[in-house]
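The values are calculated or read from the model by the stated rules, or taken from the named source; none is laboratory data. No experiment lies behind these values; they were computed from the predicted model shown. Here Cβ is always computed from backbone atoms with ideal geometry, including for glycine, and neighbour counts include all displayed protein chains.
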Amino acid sequence: MPDRVSIRIDGELLHARLGQTILEAATAQGRFIPSLCHLKGLTPVGACRLCLVEVAGIGRLLPACTTPVQDGMAVTTRSDRLDRYRRMILELLFAERNHVCAVCVSNNHCELQALARRLGVTHVRFPYSFPKAGTDLSHRQFVLDQNRCILCTRCVRVCAEVEGAHVWDVAGRGIGSRLVCELNRAWADSRSCTGCGKCVQSCPTGALAMKGFAAEEMVKRTETITRLVEAKGVRA
Amino acid sequence: MGHTIQIHHVTRIEGHARIDIHLNDEGRVSSTQFHVTQVRGFEKFTEGRPFYEMPAITARICGICPVSHLLASAKACDAIMAVQIPEPARLLRELLHCAQFIQSHALSFFHLSAPDLLLGFDSDPAARNVLGLIEKHPEAARDGIALRRFGQQAIERLAGERIHPAWVVPGGVNRPMSVDVRDQILSELPLAHSILRRTLRMFKSMLDQFPAESEAFGNMPTMHAGLTDLDGRLQIYDGIVRFIEADGRPAGRIARPLEYSRMIGEAALPDSYLKAPYFKPRGYPEGIYRVGPLARLNVAETCGSAEADRELAEYRQRLGRVVNSSFFYHYARLIEALWALERMEELLHLPEILDRHVRAEAGVNALEGVGIIEAPRGVLIHHYRVDERGAITGANLIVATGHNNLAISRSIQQVAERFLENGRISEGALNRVSAVVRAYDPCLSCSTHAFGRPAFRLRLLGAGGTVLDER
């Protein structure tokens with residue numbers, strides 16, 4: 001069986017390695033597919049649904065981050081429908097929690113904000129739910145602000161897969177889902193947290209941040225996580 | 001039968017307000033009320049936030065003087081961290097504050113009040129605005145815009161943004177000043193200097209044109225409060241809050257910020273979202289005091305810079321050691337802007353201001369912190385309580401316009417009594433009622449700007465509460 005397959009992305013014929021996902025194949029060719037939960041080096045989960053693409057012959061949309069390429073596959077990454085859905089997903093993310101960019105530690109360095117700008121989200125059509133989301137300020141170095149969490153689970157995965165501590169999990173259901181530390185402990189009371197900060201560096205928004213950083217000061221180093229994974233060979 | 005005049009809304013102020021003037025059966029003013037008609041809720045919705053976010057959040061209270069809130073908030077956070085910030089950071093914060101004083105005072109004088117002063121209180125209301133000013137007095141309008149730009153540009157050069165910069169942080173500032181920025185600001189000082197000299201000359205030459213206004217624009221004995229250093233010199237970033245009597249005798253002082261509530265009480269009013277602070281030892285409402293440029297120059301012995309001190313001496317020669325007419329807020333404002341400019345020059349020439357150590361780092365070392373500064377409009381107090389993790393459990397903010405609330409109300413009454421004739425509101429009288437509010441340069445919202453149409457509404461109510469006239 002050949003280890004290379006031929007696929008079409010937006011009409012262009014490309015070669016990809018068998019076993020690659022659509023997102024990996026597209027990214028390797030310098031193409032952009034929006035995503036928030038994906039971080040190179042961590043197991044893809046297809047949670048944010050921003051990378052949904054159209055695949056010819058399949059009636060439903062498929063997440064590019066978890067769908068492996070197949071020989072002869074024809075993928076569409078940009079269409080009016082996809083643009084509309086992606087904008088709607090972002091709007092729903094903004095409406096679900098309390099995202100106040102102006103005073104956020106990650107303002108101007110936030111993946112959610114950058115994506116909204118790139119995809120042309122100029123306003124949110126849905127009523128904001130203004131949940132009382134809370135913060136965990138108990139840790140000496142870091143802070144968790146649920147108001148800014150989009151439940152991408154990058155922190156959950158990086159902690160479990162790379163650090164091996166598995167401090168983070170998601171509790172609850174649906175819109176009531178919350179990131180929890182161990183079995184819903186205060187972060188400072190965690191028995192497994194090593195204080196490595198990988199969760200903070202992986203977080204795409206200001207939900208996990210260094211303590212004491214003022215507005216606009218938190219710049220995440222997601223590429224460090226990817227390099228670390230590649231260096232350790234945690235995942236092929 | 002008596003009635004009430006209502007001014008809804010007051011124009012050329014920052015924010016929204018309404019004035020009610022109640023008349024008795026003889027058509028004389030029986031009482032006046034100054035209503036601030038918006039609620040902001042900052043003290044409540046910041047509960048639970050990490051304390052170090054407070055400067056960025058509270059700066060959003062105001063788009064005109066965000067720097068004031070940034071600084072007061074950062075000082076309160078410094079107190080919670082229990083750190084003494086590096087000296088270069090203290091100097092840089094003061095430099096930023098001086099730039100803000102200049103831009104804010106320029107806005108108040110030229111953009112908001114000059115239409116009354118240069119075009120006349122009774123001039124055509126359709127043209128009595130900054131556009132009318134551009135038409136009739138283009139030089140003054142140009143000066144105003146250039147002076148404000150100087151201040152705003154200095155803020156941008158130092159802090160990265162003109163409005164809501166993220167530069168001021170708990171523990172200091174987040175980057176040092178470069179030599180280029182210092183040199184740029186220094187090169188722009190002479191232009192601003194010449195504008196201020198020219199404007200002061202012009203204003204002094206006009207003083208005689210407003211005998212009635214000088215006499216009746218909040219001309220009343222009240223206490224005054226302002227920040228000075230130990231030697232009595234004018235201070236805006238740090239110092240002791242001194243209270244003086246209307247005749248200049250010392251009345252009290254706040255030497256430790258945490259003890260502010262021993263001197264200042266806050267009364268909640270039934271008909272306004274703005275509380276009325278008062279001097280506690282004297283009780284409410286006898287403890288009325290004023291803050292802002294007029295009060296600061298009354299409280300300070302000297303400005304502490306050569307040219308501003310010469311102007312201050314002339315000011316006192318003309319008006320006395322303690323000036324009690326709020327009309328002269330304008331005059332005091334110009335002298336202060338001149339002082340701020342001289343202070344900027346002095347600060348920029350200090351070698352240590354370029355030092356690269358500009359931030360102290362610490363966690364929560366005190367569960368309570370108070371930051372007091374002088375905003376352009378007067379004393380500004382930020383008071384936070386936190387739990388041991390650093391989450392805000394309580395916040396109390398006392399803004400300059402609050403301190404002046406009682407004085408503004410009383411000034412409105414005085415102007416209404418002096419300029420209303422037989423229960424009729426002439427347009428000029430109406431404008432004077434608004435203008436006396438403008439003299440205090442109140443910041444009510446503080447982030448919305450009224451422009452063009454009156455942002456003040458005036459209602460004339462009968463003794464039975466019926467609306468007889470409305471403008």
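Details
- Take the conditions (1) under 25 Å from B:L269 (Cα atoms); (2) part of a helix (DSSP H, G or I); (3) away from chain A (no Cβ under 14 Å); B:T58 misses just one of them, which is (3).
- Residue in segment B:438-446 that is over 14 Å from the mean Cα position of the chain (by Cα), more than 14 Å from every other protein chain (Cβ to nearest Cβ) and either at pLDDT 90 or above or over 30 Å from B:V364 (Cβ atoms) (or both) present: no
- Criterion: in contact (Cβ under 8 Å) with a residue 24 or more places away in the chain and within 14 Å of another protein chain (Cβ to nearest Cβ) - qualifying residue of A:L144, A:L151, A:L179: A:L144
- Among the residues making up segment A:67-78, those that are touching a Leu at 6+ places or on another chain (Cβ under 9 Å), surrounded by 18 or more Cβ atoms within 10 Å (Cβ to Cβ) and either in the same structural domain as A:L119 (by TED's automatic domain parsing) or touching a residue at least 60 places away in the same chain (Cβ under 8 Å) (or both) are A:V69, A:V75.
- Extreme residue, surrounded by the fewest Cβ atoms within 10 Å (Cβ to Cβ), among residues of segment A:196-210 that are in contact with a strand residue (DSSP E or B) (Cβ under 8 Å, 6 or more places away or on another chain) and assigned to a loop (DSSP other than H, G, I, E, B): A:G197
- Verdict on A:G57 being in a loop (DSSP other than H, G, I, E, B), over 19 Å from A:R31 (Cα atoms) and not basic (K, R): yes
- Single residue of A:V143, A:V158, A:V121, A:V162 found to be in a strand (DSSP E or B), assigned by TED's automatic domain parsing to the domain that holds A:A186 and more than 17 Å from A:R191 (Cβ to Cβ): A:V143
- Identity of the residue in segment A:70-127, polar (S, T, N, Q) and within 14 Å of chain B (Cβ to nearest Cβ), that ends up nearest to A:R221 (Cα to Cα): A:S106
- Looking across B:A82, B:A59, B:A89, one residue alone is modelled with pLDDT of 85 or more, among the small types (G, A, S) and within 21 Å of the chain's Cα centre (by Cα). It is B:A59.
- Filter result for A:A214 (closer than 23 Å to B:M81 by Cα, modelled with pLDDT under 95 and surrounded by 14 or more Cβ atoms within 10 Å (Cβ to Cβ)): yes
- B:S73, sole failed condition from (1) surrounded by fewer than 24 Cβ atoms within 10 Å (Cβ to Cβ); (2) outside any strand (DSSP E or B): (1)
- Residue count for segment B:41-55, restricted to those that are acidic (D, E), in a helix (DSSP H, G or I) and within 13 Å of another protein chain (Cβ to nearest Cβ): 1
This table checks each residue for (1) over 15 Å from the mean Cα position of the chain (by Cα); (2) farther than 30 Å from A:R140 by Cα; (3) at pLDDT 95 or above; (4) away from chain A (no Cβ under 14 Å).
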residue: B:H383; (1), (2), (3), (4): yes, no, yes, yes
residue: B:D387; (1), (2), (3), (4): yes, no, yes, no
residue: B:A395; (1), (2), (3), (4): yes, no, no, yes
residue: B:G402; (1), (2), (3), (4): no, yes, no, yes
residue: B:R410; (1), (2), (3), (4): yes, yes, no, yes
residue: B:Q413; (1), (2), (3), (4): yes, yes, no, yes
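- Meets criteria (more than 21 Å from B:R389 (Cβ to Cβ), away from every other protein chain (no Cβ under 14 Å) and of a type in the set (A, V, I, L, M)) for A:V170: yes
- B:S68 touching a His at 6+ places or on another chain (Cβ under 8 Å), away from every other protein chain (no Cβ under 14 Å) and in a helix (DSSP H, G or I): yes
Residue-wise test of (1) under 20 Å from A:N98 (Cα atoms); (2) more than 14 Å from chain B (Cβ to nearest Cβ); (3) of a type outside the set (A, V, I, L, M, F, W, C).
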residue: A:I175; (1), (2), (3): yes, yes, no
residue: A:A186; (1), (2), (3): no, no, no
residue: A:C193; (1), (2), (3): no, yes, no
residue: A:K198; (1), (2), (3): no, yes, yes
residue: A:K211; (1), (2), (3): yes, no, yes
residue: A:A231; (1), (2), (3): no, yes, no
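- Pick from segment B:114-156, criterion among the polar types (S, T, N, Q) and farther than 30 Å from B:E345 by Cα, ranking: modelled with the highest pLDDT: B:S123
- Residue pairs whose Cβ atoms lie under 7 Å apart, separated by 6 or more positions or on different chains, with the first residue in segment A:47-66 and surrounded by 18 or more Cβ atoms within 10 Å (Cβ to Cβ) and the second assigned to a loop (DSSP other than H, G, I, E, B) and among the basic types (K, R), are A:P63/A:R49.
- Residues of segment B:326-363 that are surrounded by fewer than 21 Cβ atoms within 10 Å (Cβ to Cβ) and either within 14 Å of chain A (Cβ to nearest Cβ) or polar (S, T, N, Q) (or both): B:R359, B:A360, B:E361, B:A362, B:G363.
Each row is one residue, and each column tells you yes or no for (1) part of a helix (DSSP H, G or I); (2) buried (at least 20 other Cβ atoms within 10 Å of the Cβ).
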site	(1), (2)
A:L92	yes, no
A:N108	no, no
A:L115	yes, yes
A:F130	no, no
A:S138	no, no
A:D169	no, no
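- Strands (runs of 3 or more DSSP E) enclosed by segment B:248-321 - at least 3 residues per element that are in contact (Cβ under 8 Å) with a residue 60 or more places away in the chain, surrounded by 14 or more Cβ atoms within 10 Å (Cβ to Cβ) and at negative phi: B:276-279
- Each residue in segment B:82-113 was checked for being over 23 Å from B:L348 (Cα atoms) and surrounded by 22 or more Cβ atoms within 10 Å (Cβ to Cβ), and 5 of them qualify.
- Of the residues making up segment A:4-46, those that are of a type in the set (S, T, N, Q), without any contact (Cβ under 8 Å) to a residue 60 or more places away in the chain and not in a strand (DSSP E or B) are A:Q20, A:T27, A:Q29, A:S35.
- Leading residue by the ranking (surrounded by the fewest Cβ atoms within 10 Å (Cβ to Cβ)) among those in segment B:364-403 that are closer than 15 Å to B:K75 by Cα and among the polar types (S, T, N, Q): B:N365
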